[in-house]
1. Within chain A, what is the longest stretch that has no trypsin sites (Lys or Arg not before Pro) placed in a DSSP loop and near at most 16 other beta-carbon atoms within 10 Å?
2. When the chain is fully extended, how far beyond the present Cα-Cα distance does B:R17 get from B:A30, taking 0.36 nm per residue of separation?
3. Round to the nearest 0.05 the FRET efficiency obtained for B:R86 and A:R59 when R0 = 45 Å and r is the Cβ-Cβ distance.
4. Between B:E66 and A:T105, how many nm apart are label points set 7 Å from Cα along the C-beta direction?
5. At 7 Å along the Cα-to-beta-carbon direction for both A:T120 and B:S6, put a label point, then send me their distance in nm to one decimal.
6. In nanometres, what is the gap between the two model label sites at B:D96 and B:A137, each 7 Å from Cα along Cα-to-Cβ?
7. Label position 7 Å from Cα toward Cβ: report the copy-to-copy distances for B:A143 in nm, one decimal, ordered from shortest.
8. For the rotation taking chain A to chain B, which residue of A has the Cβ nearest the axis, and how many Å away is it?
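Derivation of every value follows stated rules applied to the coordinates shown; laboratory data play no part. For clarity, every value in this text was computed on a predicted model and none was experimentally measured. Positions of Cβ are generated from backbone atoms using ideal geometry, with glycine treated the same way; all protein chains shown enter the neighbour counts.
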Protein chains: 2
Amino acid sequence: MAKHPSLAAVVQRLEDRGLRVTAPRLSVLAAAAAGAEDQFSAEDIESRLPQVGRATIFRTLKLLVEMDVFCRVLLDDGNLRYRWSRRGHHHHLICDSCGAIEDFTGCDVTTLMQDLARRTGFTARGHWLEVYGRCAACHSRAAVSQ
Amino acid sequence: MAKHPSLAAVVQRLEDRGLRVTAPRLSVLAAAAAGAEDQFSAEDIESRLPQVGRATIFRTLKLLVEMDVFCRVLLDDGNLRYRWSRRGHHHHLICDSCGAIEDFTGCDVTTLMQDLARRTGFTARGHWLEVYGRCAACHSRAAVSQ
DNA sequence: ATTAATGCAAATTCTTTGCACTAAA
DNA sequence: TTTAGTGCAAAGAATTTGCATTAAT
């Protein structure tokens, strides 16, 4: 799967929603694709787009998160990052060492939630899960440098 | 189990750490115990303690979270609450309807994390999980009112 | 032409800091 | 006494709002 959807696909989704395809919206998408990292902060986008107003950047980020084009990532220190969403429900594996973020969809948190409902009567509507640790690449790197 | 530990127990823990048992610290603990809700915001504490400085309240909350006397709860809307901690690793069930927060420790997220490591090579150091939904009490309430 | 979307600057919210002062040990 | 802890007011950060202006359809 590509790192992010084609511009055309996102434009289509904007149009489907009856939203305008504006220059600032296109440039936020471009700026998000431009970074070396697979993640970006509102600040990153802001500094890559000095010509776009701060408010527009925040409004656009919010819109694109609602549209599930981007997803929010909560870092261990409480800071917020954004990332292209693979769409649909998923979680993040955030590497302490290199900061890389991977998606994680395979594990079934749903089972856990169902079990929960059975035991406590609490019905889960949704949940937020972020996992912090060390990615495979950083493990190999550490092994090599020893 | 009681809603929160005895003052004496917390005082003991402060002393064990070589920290002073000050009037503001005691009043933050009292204010946290005073609320009708099982949760409280920094603002709640602030308004219950007009005589204590804002900075002291934040410093004290941070200290008590580090000491695992309180834990932080991340609400669905991104706001932060505090709550007496049952100590040790646990998660929260947050009711959309009544806002009540329950702890949840029984389910084994660890298994999920181990499975994850096996499949992706990512080693989890920690994770953050909040569950949003509807508590048993609100379910009954809804059933009755029909 | 219409009106959604933007840019700016000011306002908000939540939290932290610097520093002289106070009180716990 | 000593120095950890406090209060105040000011500084920050991260975001949001109001409103006149601009640009996409």
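1. Free of exposed loop sites, the longest segment is A:21-85.
2. Taking B:R17 through B:A30 to full extension adds about 2.7 nm, to one decimal.
3. Efficiency at R0 = 45 Å is approximately 0.65.
4. 4.1
5. Placing both labels 7 Å along Cα→Cβ, they lie 2.8 nm apart.
6. Placing both labels 7 Å beyond Cα along the Cβ direction yields 1.9 nm.
7. 5.3
8. In residue-and-Å form, the answer is A:L129, 2.
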